[in-house]
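Throughout, read-outs are computed from the coordinates displayed, never taken from laboratory work. All of these numbers come straight from a predicted model, not from anything done at the bench. Quick reminder, even Gly has a Cβ in these numbers, built from the backbone with ideal geometry, and neighbours come from all protein chains shown.
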Amino acid sequence: MNNLIKTQRGKALLYFTLIVFINLTILSIIITGIALGIKGYLSDTKFAYEAVTCCGSICSKCFFTLRTFFTILPWGCIVILFIGIGMAARKTILMLSWNYRFIRPITPLSIGTHPNLRKILPTMDLYGQLVLLDNNKLHCAFTLGLWKPKIYVSSGICSYLSRKELTAVILHEIHHKKSKDTLKLFVIQILYALNFFLPINSYLINLYSAASEKAADDSAINFSRDPLGLVSALVKLSKSKLMDTLSPSTAFSKEQNIVEDRIRRLLETHNPLPYLGKTYLYLSCIASVFIAVIICLSLFSKSFNHTHTIECKTRTCNMATCG
């Protein structure tokens, strides 16, 4: 089981590293290209404008040229960059404000009000790190917070699950807390919003989410030595209509397809990657590489263009003679 934990932790770390590396690389290329070529973009734009309007009106033959196309592309990248920055800023504000609005009004219940928690917590080092929510209708457990995350469990889930099941759930969340998964997910979501045009991001985020959940499952089983308790908790919560209505990023039981995959994995020994998953991976990789190449060409295309002179006195541009 220890090897399995390392494997899932390693996969989660690999996916997180890939997401950060790919997105920071693309972002660096865009910023570097813009910084180095902004003067060229301005001069090329001025040249293209003069070429297109050299006859006193727009010359269609001069407008629909390769040079004009390469002149427009860098500005498209600049627009995309600022759209991404705006989306990332909006995402950051929304996530931070949601956390603030959620945590601020909470009045935690005493742990001693629930016998299951009262018997479970003495075996875990969670003093001041577990918050009991006063909500008997909600069946949820999740980790929330960036720098100092805490584990939140509802009073409803404490009554809904048995002691063994609740122990497995809390152990699962302890792993998320120790691994700083909330902070990692925050970083990933910001990068995803910043580079919204990369299809590979969606696939890697799904892989990271699944791997981090499986690593937390393995950690819970390693400490409790009771995989059936975790499976039973997953099955119960997947059937509950009141499960995870808050939709926190690291809820114990969230996306249904991930929950089903986790249950199958705990009960079976081998779970190959679905063919459709591989197909989507290949397609997203090809699309992302294509987009990256287009960005590089558009930002560094000045070296592929030759300067042209305009003789407006003779009413000619580089492509046509004005009649």
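Summary table
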{"read-out": "Stretchable slack from R104 to S28, in nm (0.36 nm times residue separation minus alpha-carbon distance)", "value": "23.6 nm"}
{"read-out": "Footprinting exposure proxy for V259, V235 (fewest neighbouring C-beta atoms within 10 Å first)", "value": "V235, V259"}
{"read-out": "Ranked I19, I106, criterion: other C-beta atoms within 10 Å, fewest first", "value": "I106, I19"}
{"read-out": "In nm, spacing of pseudo-spin labels at S97 and L297 (7 Å Cα→C-beta vector)", "value": "4.1 nm"}
{"read-out": "FRET efficiency for N206 and L42, using Cβ-Cβ distance with R0 set to 45 Å, rounded to 0.05", "value": "0.65"}
{"read-out": "Low-density loop cleavage sites - chymotrypsin sites (Phe, Trp or Tyr not before Pro) in region 70-128, where at most 15 other Cβ are within 10 Å (DSSP)", "value": "Y127"}
{"read-out": "Packing-based order for 112-122, 176-186, using average beta carbon neighbours within 10 Å, highest first", "value": "176-186, 112-122"}
